[in-house]
1. Suppose R0 equals 25 Å; then what is the FRET efficiency for R9 and D132 from their Cβ-Cβ distance, rounded to the nearest 0.05?
2. What is the log10 of I(q)/I(0) for region 69-155, computed with the Debye formula using one identical point scatterer on each Cα and no solvent, at q = 0.18, 0.20 Å⁻¹?
3. Name the residue farthest towards the positive end of the dipole of region 86-155 from the options P137, A92, Q111, assuming +1 on Cβ of Lys and Arg, -1 on Cβ of Asp and Glu, about the Cα centre.
4. What percent does the relative contact order of region 47-122 come to when contacts are Cα pairs within less than 8 Å and at least six residues apart?
5. In sequence order, what are the phi-derived ³J(HN,Hα) couplings for region 67-84 according to the Karplus relation 6.51 cos²θ - 1.76 cosθ + 1.60 with θ = phi - 60°, rounded to whole Hz, with x for glycine and proline?
6. Apply the Karplus curve 6.51 cos²θ - 1.76 cosθ + 1.60, θ = phi - 60°, to the phi angles in region 115-126 and return the couplings in whole Hz, x for Gly and Pro.
7. Distance check, please: which entries in K83/K153; K7/K98; K117/K153; K126/K146; K83/K117; K67/K146 exceed 21 angstrom between their Cα atoms?
8. Only four residue types carry charge here, +1 at the Cβ of Lys and Arg and -1 at the Cβ of Asp and Glu. Report the dipole size of the chain about the Cα centre in Debye, rounded to the nearest 20.
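Bear in mind these aren't lab numbers, they're just calculated from the coordinates by the rules spelled out. Source: prediction; values computed, not measured. Every residue, glycine among them, receives a Cβ derived from its backbone with ideal geometry; neighbour counts consider all protein chains shown.
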Amino acid sequence: MKIEDIKIRRINESEDYPYDLLFLADPYIEMLNVYLDKQYIYVGESGDSIIAVYALYPIDKDTIEIKNIAVDEQYHNQGIGKKMLTHAESIARQSGYKTIIIGTGNNGFGQLYLYQKQGFEMYDIKPNFFTDNYPEPIWENGIQCKHMVMLRKYL
Ligand code: ACO
């Protein structure tokens with residue numbers, strides 16, 4: 001698989017949401033249902049297979065959030081997440097937004113690395129976001145996911 005061969009497109013109204021991928025970033029359907037809107041879901045395809053997704057969610061006229069970004073586990077660390085992020089930024093910019101934001105758990109070290117490498121900077125923490133809003137404890141990297149770290153990039 002070559003990174004140039006990944007085609008990114010918005011999903012069609014008639015298409016199902018790629019839940020398997022969306023669940024990698026956000027395991028609870030109740031949370032996904034709050035922000036999923038087909039107008040704002042983009043998928044990355046290799047041939048006929050959908051292997052990546054991101055979901056945007058407008059906050060106000062200037063700011064849009066990447067609520068979900070995920071790559072099929074067998075394709076991690078090949079630059080697809082970075083390509084999806086760059087695409088999300090250009091869609092946001094073309095749509096007239098001035099700022100793009102993204103949130104991740106306090107223990108999401110890989111995600112925090114990727115987003116900061118991509119030029120996002122931390123600006124806020126939502127304390128106890130995951131413990132207050134998710135039914136089960138979430139663990140990654142040996143640390144409980146409790147707080148949401150918010151990052152932003154000016155477009
Ligand atoms: N640990 C360490 N480094 C990482 C990790 C990780 N878990 N993930 C990515 N990186 C680094 C890569 O090494 C690479 O570094 P480099 O540029 O120095 O070589 C850089 O980040 C870019 O990596 P990509 O290959 O583009 O990332 P990938 O295609 O693997 O996708 C993603 C990253 C989307 C986070 C993927 O790991 C994934 O789907 N994870 C599960 C779902 C998830 O956690 N999504 C984000 C939740 S937050 C939210 O959705 C708003």
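1. On the way: r = 35 Å, r/R0 = 1.41.
FRET efficiency, R9 to D132: 0.10.
2. Values, matching the q order: -0.87, -1.01.
3. Comparing the listed Cα positions along the dipole, A92 ranks first.
4. On the way: 79 pairs, mean separation 21.8, N = 76.
Relative contact order here is 29 percent.
5. Here the 3J(HN,Hα) series is 8, 7, 9, 8, 10, 3, 4, 6, 10, 5, 6, 10, x, 6, x, 5, 5, 5 Hz.
6. 3J(HN,Hα) across region 115-126, in whole Hz: 5, 6, 5, 7, x, 7, 10, 5, 9, 6, 10, 9.
7. Beyond 21 Å: K7/K98.
8. Details: 16 positive and 22 negative charges, 144 e Å.
Magnitude of the dipole: close to 700 debye.
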